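Asks: Before I ask anything, let me first share the structure, which is written out below as structure tokens.
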Amino acid sequence: MAAEWRCEKRSYSKNESFVKDDENVPETGCLSIIVLGASGDLAKKKTFPALFNLYRQGFLQSNEVHIFGYARSKISDEKLRDQIRGYLPQSKEGGAEEVTEFLQLIKYISGLYDAPEGFQALDKAIYEHEISKNSMEGSSRRLFYLALPPSVYPQVCKMIKFHCLNKSDLGGWTRIVVEKPFGKDLASAEELSSQIGELFEEPQIYRIDHYLGKELVQNLLILRFANRFFLPLWNRDHIANVQIVFREDFGTEGRGGYFDQYGIVRDIIQNHLLQVFCLVAMEKPISLKPEHIRDEKVKVLQSVVPINEEEVVLGQYDGYRDDPTVPDNSNTPTFATVILRIHNERWEGVPFILKAGKALNSRKAEIRVQFKDVPGDIFKCQKQGRNELVIRLQPSEAIYMKLTVKQPGLEMSTAQSELDLSYRQRYQGVVIPEAYERLILDTIKGDQQHFVRRDELKAAWEIFTPLLHRIDDGELKSVPYKPGSRGPEEADQLLEHAGYVQTHGYIWIPPTLS
Ligand code: BG6
């Protein structure tokens with residue numbers, strides 16, 4: 001696969017130095033990637049495999065990069081490498097060799113998260129690496145990836161700030177990558193933000209929402225603003241409702257204890273689905289600069305009116321509480337449908353239905369934009385269903401448009417069909433990168449477009465905090481549903497009530513390759 005990425009009007013190859021206009025920070029030279037929490041699940045399953053994929057595509061050069069794993073357990077470099085090895089994909093020929101080369105770039109340092117000694121040792125190791133690479137101006141680039149629980153973010157950030165900042169004599173930068181949950185409500189999120197904010201500037205903080213790294217989520221801006229088709233239609237005059245749906249066909253599986261503290265609204269809706277919502281509903285940014293895009297996201301979030309509890313359905317699948325780590329009386333929702341309404345000129349009156357559930361009958365994530373009926377319909381096509389634009393985020397990435405056509409044959413009858421852009425068919429042989437790969441690469445490039453800004457996070461919590469408090473206080477109850485079902489019936493009723501018209505007897509089948 002060609003090792004290049006597109007950015008604004010240019011494309012940058014892996015070897016080309018990339019200097020950001022606004023900051024003039026060199027993006028070349030020695031790069032140290034430090035994975036804190038190196039022996040944890042997130043690091044093993046997501047961070048290291050993403051780094052490996054970047055390495056094998058040539059985005060991480062072995063003469064520039066060194067990777068440091070940091071955690072409490074006292075293990076050797078070799079032991080950490082062995083732990084990681086099994087998670088690295090090695091599909092093609094020569095894969096094993098590449099894995100070994102990659103693993104050799106990793107060094108392990110053990111230390112506590114709240115004591116200086118370990119971080120001083122880490123700093124020394126990074127510095128030695130920087131010096132050994134014949135450092136020149138711009139060659140102390142330090143990326144700290146916190147694959148850790150957020151409760152330790154403040155203390156770890158403090159340690160980094162006081163013991164591990166990039167060496168100013170070498171130039172370069174220090175960046176911090178953190179991941180949700182960013183707090184449990186507005187107050188706790190704001191507290192966390194200010195603790196980190198006292199230590200690092202906003203341009204140094206990269207808050208990951210991995211949905212922003214998905215191919216079709218990244219396509220939304222282009223789809224909406226680079227196609228004349230959609231410009232006049234994308235508003236309350238033509239769109240009846242929008243659904244943003246996340247479904248999983250498995251339960252909390254071994255994560256019950258963690259999940260029960262958060263629930264589906266905090267785990268999926270307040271972050272992943274809300275980010276998608278922003279990109280679907282926001283106004284056109286004045287440019288592609290990250291700050292301009294994020295300004296528009298904040299604006300649309302601030303235009304969301306308080307959630308009406310009548311437009312919320314919560315569910316919990318039968319058997320969820322059988323998990324020994326889940327309390328017997330848990331009211332934590334594993335399913336939720338929440339309708340958001342936007343008070344602005346474009347969207348007044350259009351329900352945005354955000355739906356997420358675990359242990360359902362299928363696994364998929366999609367955006368479904370349903371258009372209004374054709375006025376003065378002479379074909380009686382309303383019976384067959386409305387036009388819909390569906391953006392299938394996963395699996396089987398696709399964009400398809402459900403529309404009415406003439407049924408082929410002698411009769412003049414109508415049928416529902418689709419204009420179908422299925423990625424597997426249209427882009428054969430193209431590997432769609434993993435979300436984490438792109439986002440780590442963006443961090444190295446210093447591009448914050450696909451990361452959540454502090455005020456965006458605040459606005460997101462403002463929307464959901466009152467609802468979450470009511471759930472936490474047991475004032476809103478989760479209704480039971482059967483695992484492997486569509487979720488609670490009440491959710492379908494709410495959908496109907498919101499004006500969604502379901503098409504019966506028509507189903508889109510992803511095309512298979514011939
Ligand atoms: C995570 C949630 O953020 O996203 C998980 O914590 C969920 O509960 C996962 O399973 C889904 O991610 P993806 O990329 O598989 O849709």
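Please treat every number below as a calculation from the coordinates, not as lab data. Keep in mind the model is a prediction, meaning the values are calculated, not measured. Reconstructed Cβ throughout: ideal geometry from the backbone, glycine too, with neighbour counts over all protein chains shown.
Asks: Kindly identify the range 31-179 as rounded, prolate or oblate by the Cα gyration tensor criterion: order the square roots of the eigenvalues as a ≥ b ≥ c, call it rounded if a/c is under 1.5, otherwise compare a/b with b/c, prolate if a/b is larger, else oblate.
Replies: Values: a/c = 1.82, a/b = 1.23, b/c = 1.49.
It is oblate, given that a/c is not under 1.5 and a/b is not larger than b/c.
Asks: Using alpha-carbon pairs under 8 Å, 6+ residues apart, how would you state the relative contact order of the range 405-514 in percent?
Replies: Numbers: 28 pairs, mean separation 31.0, N = 110.
Worked out over the range 405-514, it gives 28 percent.
Asks: Starting from the Cα gyration tensor of the range 302-388, take the square roots of the eigenvalues, sort them a ≥ b ≥ c, and report rounded, prolate or oblate (rounded when a/c is under 1.5, otherwise prolate if a/b is larger than b/c, else oblate).
Replies: On the way: a/c = 3.47, a/b = 1.78, b/c = 1.95.
Oblate.
Asks: Given the pairs LYS46/LYS180; LYS45/LYS180; LYS74/LYS107; LYS124/LYS180; LYS180/LYS299, which are separated by over 19 angstrom at their Cα positions?
Replies: Numbers: LYS46/LYS180 14 Å; LYS45/LYS180 16 Å; LYS74/LYS107 13 Å; LYS124/LYS180 30 Å; LYS180/LYS299 22 Å.
Among LYS46/LYS180; LYS45/LYS180; LYS74/LYS107; LYS124/LYS180; LYS180/LYS299, the Cα-Cα distance tops 19 Å for LYS124/LYS180; LYS180/LYS299.
Asks: Highest first, please rank the peptides 322-328, 280-286 by the mean number of other Cβ atoms sitting within 10 Å of their residues.
Replies: On the way: 322-328: 12.0, 280-286: 18.1.
Ranking the peptides 322-328, 280-286 by packing returns 280-286, 322-328.
Asks: Shifting gears a bit: If R₀ is 35 angstrom, what is the calculated FRET efficiency for the pair PHE162 and GLU97, using the beta carbon separation as r and rounding to 0.05?
Replies: Details: r = 40 Å, r/R0 = 1.15.
The computed FRET efficiency comes out at 0.30.
Asks: Next up: So how much slack lies between GLU191 and VAL431, counting 0.36 nm per residue of separation and subtracting their Cα-Cα distance, in nm? Before the final figure, lay out each step's value.
Replies: On the way: separation 240, 0.36 × 240 = 86.40 nm, distance 4.01 nm.
That works out to 82.4 nm of additional length.
Asks: Now for a different question. Once you treat every alpha carbon in the chain as an equal point and sum by Debye, what is log10 I(q)/I(0) at q = 0.10 Å⁻¹?
Replies: -0.86
Asks: Could you give the nm distance between label points at LYS124 and ARG470, where each point is 7 Å from its Cα heading toward the beta carbon?
Replies: 5.7 nm
Asks: Tell me, what is the percent relative contact order of the chain, built from C-alpha pairs under 8 Å that lie six or more residues apart? Please report the intermediate quantities before stating the final value.
Replies: Numbers: 900 pairs, mean separation 80.9, N = 514.
It comes to 16 percent, rounded to a whole number.
Asks: If you fit an axis through the alpha-carbon atoms of helix 290-302 and take the longest principal axis of the Cα set of the chain, what angle between them do you get, 0 to 90°, nearest 10?
Replies: 50 degrees
Asks: Could you pull out every residue, at least 5 positions away or on a different chain, whose amide H is within less than 5 Å of the one on ASN241? Hs are placed 1.01 Å off N in the peptide plane, and Pro or chain starts have none.
Replies: Distant-sequence amide H within range of ASN241: GLN370.
Asks: Still on this model: Would you mind calculating the relative contact order of the range 105-225 from Cα pairs under 8 angstrom and at least 6 residues apart, reporting the percent as a whole number?
Replies: Numbers: 125 pairs, mean separation 29.2, N = 121.
Value for the range 105-225: 24 percent.
Asks: Something else now. Rounded, prolate or oblate: pick one for the range 368-423, where a ≥ b ≥ c are the square roots of the eigenvalues of its C-alpha gyration tensor, a/c under 1.5 means rounded, and failing that, prolate if a/b is larger than b/c, else oblate.
Replies: On the way: a/c = 3.96, a/b = 1.65, b/c = 2.40.
Oblate, because a/c is 1.5 or more while a/b does not exceed b/c.
Asks: Still on this model: Exposure proxy check: MET159, MET412, MET401 ranked by fewest other beta carbons within 10 Å?
Replies: Details: MET159 25, MET412 8, MET401 16.
Exposure proxy ranking, most exposed first: MET412, MET401, MET159.
Asks: Just in the range 467-503: which trypsin sites (Lys or Arg not before Pro) are loop by DSSP and have at most 12 other Cβ atoms within 10 Å?
Replies: Passing both the DSSP loop test and the Cβ count: LYS477.
Asks: Taking other Cβ within 10 Å of each residue's Cβ, how do ILE264, ILE353, ILE507 sort, fewest first?
Replies: On the way: ILE264 27, ILE353 22, ILE507 6.
Least crowded to most crowded, the residues run ILE507, ILE353, ILE264.
Asks: Run down the lysines and flag those whose C-alpha is under 27 Å from the C-alpha of LYS482, throwing out any fewer than 8 positions away in its chain.
Replies: LYS355, LYS358, LYS364
Asks: Taking neighbour Cβ counts within 10 Å as the exposure measure, how do HIS66, HIS292 sort from fewest upward? Can you show the working numbers first?
Replies: Numbers: HIS66 21, HIS292 13.
Fewest-to-most Cβ neighbours within 10 Å comes out as HIS292, HIS66.
Asks: Please report the equivalent ellipsoid semi-axes of the range 241-391, computed as sqrt(5 x eigenvalue) of the Cα gyration tensor, largest first, in whole Å. Let's see the in-between values first.
Replies: On the way: eigenvalues 196, 94, 38 Å².
So the equivalent ellipsoid measures 31, 22, 14 Å along its semi-axes.
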